[in-house]
1. Let me confirm something: among B:VAL795, B:VAL767, which residue is assigned to a strand (DSSP E or B), out of contact with any Ser or Thr (no Cβ under 9 Å at 6 or more places or on another chain) and aliphatic (A, V, I, L, M)?
2. Taking the conditions exactly as written (touching a His at 6+ places or on another chain (Cβ under 7 Å), open to solvent by 10 Å² or more (accessible area, probe 1.4 Å) and either within 23 Å of B:ALA423 (Cα to Cα) or within 11 Å of chain B (Cβ to nearest Cβ) (or both)), does A:ASP202 satisfy them or not?
3. Just to verify a result, which residue in segment A:68-117, among those that are within 14 Å of another protein chain (Cβ to nearest Cβ) and in a helix (DSSP H, G or I), is surrounded by the most Cβ atoms within 10 Å (Cβ to Cβ)?
4. Restricting to helices (runs of 4 or more DSSP H) lying wholly in segment B:446-544: which have 1 or more residues that are within 14 Å of chain A (Cβ to nearest Cβ)?
5. From B:TYR710, B:TYR757, grab the single residue that is closer than 30 Å to B:ALA610 by Cα, open to solvent by 90 Å² or more (accessible area, probe 1.4 Å) and of a type in the set (Phe, Trp, Tyr).
6. Determine which single condition B:LYS114 fails, assuming it passes every other condition in (1) more than 37 Å from the chain's Cα centre (by Cα); (2) charged (D, E, K, R); (3) farther than 16 Å from B:ARG80 by Cα.
7. Which of the following residues is more than 21 Å from B:LEU280 (Cβ to Cβ) and either β-branched (Val, Ile, Thr) or out of contact with any His (no Cβ under 6 Å at 6 or more places or on another chain) (or both): B:VAL333, B:VAL380?
Amino acid sequence: MSGIPDLTALAQEATAAISDAPDLEALESARVRFLGRKAPLTELLGSIGTLPPEERGRVGKEGNAARRAIEDALAARRDALEADAMGAALEADTADVTLPGNAFPLGALHPITQVALEVEEIFLGMGYSVADGPEVETGFNNFTALNTPEGHPARSESDTFFIEGGDEVLLRTQTSPVQIRTMQSGPPPVYVIAPGTVYRRDDVDATHSPMFHQVEGLAVDEGLTFAHLKGTIEYFLTRLLGDRDVRVIPHFFPFTEPSVDVSVSWTDRNGRTDWLEVAGAGMVDPNVFANVGYDPERWTGFAFGFGLDRIAMIRHQISDIRLLYEGDLRFLEQFS
Amino acid sequence: MKLPLEWLREHVAVDLDDAALADRLTATGTAVERTVTRGIPVTQGNREAFRIGKVLTAEQHPDADRLRVLSVDTGDDAPRQIVCGAPNVAAGQTVAVALPGAVMPGGQKLGKAKLRGVESLGMVLSESELEMAEESEGILVLGDDLAAGTPVIDVLPPPGTILELELTPNRGDCQGIYGIAREVHAITGAALHDLDTAPPPEDGPGQVGDYVSLRVEAPDLCPRYMARVLLDVTVGPSPDWMVRRLEAAGMRSINNVVDITNYVMLLTAQPLHAFDLDRLAGPAIVVRRAGEGERIVTLDGQERTLGGDHLVIADAEKPAVIAGIFGAEFAEVGEGTTRVLLEAATFDGPSIIRTSLGLGLRTESSARFEKGQPTDLPPVAMAIACRLMHELAGASLVPGVLDERAPEQAPGPITLRHARVAAILGVDIAPAESAEILGRLGCTVEQGADAHVVTVPWWRTADLVREIDLVEEVGRVHGFDRIPAVLPRLEARASLSPQQKVVRRLTRYACDQGLSEAITYRFVPEADADRLHLPADDERRRVVRIGNALSDEMAVMRRSLIPGLLRAVERNQAHQRRDGAIFEVGRTYIPAADGLADEPEEITALLFGAPGARGWRQAPAEVDVWSATGLGIGLAASVGVHAEAVAGVKEPWLHPVRQARLTAGGIVVGVAGEVHPAVLKAFDVKGPVVAVTLRIPALTQVGPEEPRRYVDLISVPVSTRDLAVLVPETVTAAHVLDVAREAGGDLLQRAEVFDHYAGDQVPEGQVSLAVRLTIAEPGRTLTDEEIDGVTERAVAALRDQVGAELRS
């Protein structure tokens, strides 16, 4: 035995060689050189049994320490070289991220549906139910029960679509008959809204459609007053259209008294602010309560109605109502 | 209605300025739609901005046939260039010119303009632009004695403000200037002057009955008829002040007699009619229903045929007026008339409306009668008109009045409870204030501790009938803006119905899949049933038919959403849109036994071309039957319904074999497939187009299933086995899976087809199906023998039941 090598110097030489290894290949040859089967350290540790007993402990301890140090250095260097290699590979893998990504198509709800859903959300939050009624209606529900007597011009052939063969069966001209059906179906309290399609015998042009959409609202309870009508309408309109002034002025409808026209302040494209009529409303006329068997002395209530088409047209600045009913995807897909 | 404020202010001493008065009227329910100045508005600059001009030259515009380029001397150093489109403009005329900066009667400010490339430094005015006439044929040409540059304000009559009012149908009393004056008194407290209804001297000879007789045969349609006779009438022009007021209110001057009837109508809301007494046969007045087919030549020269429900004012022989609406030519007052019969009558409102609609004839008079006029009104109007006839036409009034009045029940007083006012309006209004308001409205109020007893004046008895009517009046005059806005407190117990939830989820899912929602007309042509190739006896040919449809294209209520959407596709294709995805949710209409309709909702989607995202490395495929079944099953799944496509349906509007019924829980929920090429042709649509229709009541009925119970397929191994089998092409994939599931038993968790192949290496008449079996038992690890047993049973059953052959 030519004697024991200087283990400290060996470890230093090894770690220096390892950290200088420029790539994984050089690192592997360094590993073979310092920890391979023929490496001096490996041979030393393999021959401990041949050493004098008093040296075996010291040489074994120092030899193993040197081997761990070399292994740690190898692992560290390998990690570093691999990280560099991965970084370089990633850098080389270029892509124009501004090209269009894979498209996931999204369709659009019709603007009228969008408004109706928002209106429903607002009133559901206040505790109203969403009611529904037929579009093919009786003259009684659409007119008589709503205090519009026979002979009234609205009941004429020129204003209303009548169904052939029926006894004044018609396409409802307003969502208000849902009020009557709702009240006939059960006792107060009643808090409902009724969005739906309505029909009037207007020729089609930019501002008229024989078919359009309304939302009706009805609240009947003990102690409801005009103040509650105002509060409800103002809350609803500001939720739907944003924080703006709401004006309520007297008007006339056959089935409410007092009746009001509701307008909101609106600034148009040219920057002019004006009142824009958006709804009709009022306290339910006692005659209507009598028609459905509610005691008008005990119950009071209010009703309101507004056009969904009109709100959608205002919101989206749509100037021609015909666009709403043509099914033109160039129009519909703008609202997704 | 046009309200000249100068006229109004003669009757009510209101000290609000024009704008404030308009605001107050609007706030109390008499909506002011527009405020216009008749003539040149008085503003700082308008005296300078409106000038007399002399047209020096008028040349043809180089680029516009109907425009001329003028050189006009407006009193400045140099003439100015003005472009004018009036047909009557010519060199040498003296005209009124508005210069840039002028404030026009409607309030808009005039600027410099360029018309077809030629600059115009002003505008030559017409009477209509100055709101002095409803319409003008051309520009206003003035006298040549006026010097260029003279302020036009000094030349024209003084300007006046006119409010255009939108009256509500319950306010017939406001259809006259004096009615508005009463309303202004009520809403402002300003002093109201009494109308001068002093009669003129009755200086004619004899008695009215000596000249004419009156018979009212239809008192139901004519509750009151008054007539008087005036002699020595001189027909001629009206005085300027009357012409101006008529024109300001939107009427034209005819002659003094006709003008008086119109003037008094504008003032009192009571239409009057003047007859040339010498042209009446009899002379007699008969108020009767027209004979069926009876004819009348009205003032506009048109012959009109009347019906038995039309009321006429006739002489002894023939109709002289369509009552309350329009007079006949022959009995009209004109040059040469000396003896006049003046009518002031009340007609039944609904009857006037029917006649007016039936004949397509609406006049200032009929518009007033439509709302119903009180029978106390004719004497007021008659007195004023007779006085004016005396003063302006030199008439002598014959003593006596022909006056037929149907008996009427006088309305009793109305009790107005103070508590009721608060219960409706939500604000306490002191009894003294409500009494004050009602008093100003002309009511007689007997004040009480709990209630007022209110007697309504005759001019409001039509619309103030019940306590609630008085509550409204108190509220509106008190001011709705002074009532607080309060949200009601209510117990929230609302939720959407199952069907409403289904509709919401379906529409949301459809959008998320890239479909856009359309709304199409629900009235459709009846021919759609033919275009859909429905057999003659198909139940869906029963439709709700509109009696007074706008056109054949809108004649019946739809039974299906398909035709409306196919028309939408046609429209899109016509605009070069080759691919798309569109859907609609809505009702269909089935005639019902009670005369109304069942209105079940459906969702229908159409996919055409190759819809979907098209990117630089994505190319969507053209749609086919599986696009439709996949979408249909996805839509159903979005509402918790697990639908399957079942073969063998025969919807006539779909491809005969490339269509499937969608079923769930044994219920048919819809249909999906390729639209039949012949149907596409009928709608002028290019294929491929596929359709899905799901019935919303069926989806709601099958409904979301019960909450699923958790199955432990997590802690145990789950095995899959793939089989490739050859089966005859007539065997459906669904059948293969059913057989495999049946044979596999409880351990077979899932069986699905993941490939389908026909062609090379597959014998003619057969297809190759790849089936994946998923095998496990919750909570227990299966042995290899158990797993193989499932597979073997499935293979054996497929071989025995469908002739399947296992491919190696």
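1. Values: B:VAL795 fails: assigned to a strand (DSSP E or B).
Among B:VAL795, B:VAL767, only B:VAL767 is assigned to a strand (DSSP E or B), out of contact with any Ser or Thr (no Cβ under 9 Å at 6 or more places or on another chain) and aliphatic (A, V, I, L, M).
2. Numbers: touching a His at 6+ places or on another chain (Cβ under 7 Å): yes; open to solvent by 10 Å² or more (accessible area, probe 1.4 Å): yes; either within 23 Å of B:ALA423 (Cα to Cα) or within 11 Å of chain B (Cβ to nearest Cβ) (or both): yes.
Judged against the criteria, A:ASP202 is a match.
3. Within segment A:68-117, the subset within 14 Å of another protein chain (Cβ to nearest Cβ) is A:95-117.
Filter once more, so that each one left must be in a helix (DSSP H, G or I): A:111-117.
Numbers: A:PRO111: 24, A:ILE112: 23, A:THR113: 22, A:GLN114: 17, A:VAL115: 26, A:ALA116: 22, A:LEU117: 15.
Restricting to residues being within 14 Å of another protein chain (Cβ to nearest Cβ) and in a helix (DSSP H, G or I), the top hit is A:VAL115.
4. Working: elements: B:467-478, B:498-512, B:528-531.
So the answer is B:467-478, B:498-512.
5. Numbers: B:TYR710 fails: closer than 30 Å to B:ALA610 by Cα.
Only one candidate qualifies: B:TYR757.
6. With (1) more than 37 Å from the chain's Cα centre (by Cα); (2) charged (D, E, K, R); (3) farther than 16 Å from B:ARG80 by Cα applied to B:LYS114, the lone miss is (3).
7. Values: B:VAL333 fails: more than 21 Å from B:LEU280 (Cβ to Cβ).
On inspection, the qualifying residue turns out to be B:VAL380.
Table: residues versus (1) free of Cβ contacts under 8 Å to residues at least 60 places away in the same chain; (2) surrounded by 15 or more Cβ atoms within 10 Å (Cβ to Cβ); (3) more than 10 Å from chain B (Cβ to nearest Cβ).
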{"position": "A:GLY280", "(1), (2), (3)": "yes, yes, yes"}
{"position": "A:ALA290", "(1), (2), (3)": "yes, no, yes"}
{"position": "A:TRP299", "(1), (2), (3)": "no, yes, yes"}
{"position": "A:LEU308", "(1), (2), (3)": "no, yes, yes"}
{"position": "A:ASP320", "(1), (2), (3)": "no, no, yes"}
{"position": "A:TYR325", "(1), (2), (3)": "no, yes, no"}
{"position": "A:ASP328", "(1), (2), (3)": "yes, yes, no"}
{"position": "A:PHE331", "(1), (2), (3)": "yes, yes, no"}
{"position": "A:SER336", "(1), (2), (3)": "no, no, no"}
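The values are calculated or read from the model by the stated rules, or taken from the named source; none is laboratory data. All values reported here derive from a predicted model rather than from experimental measurement. Cβ atoms come from the backbone with ideal geometry, glycine included; neighbour counts cover every protein chain shown. All accessible areas refer to the heavy atoms of the entire protein, side chains included, with ligands and DNA or RNA removed. Shrake-Rupley method; radii C 1.70, N 1.55, O 1.52, S 1.80 Å.
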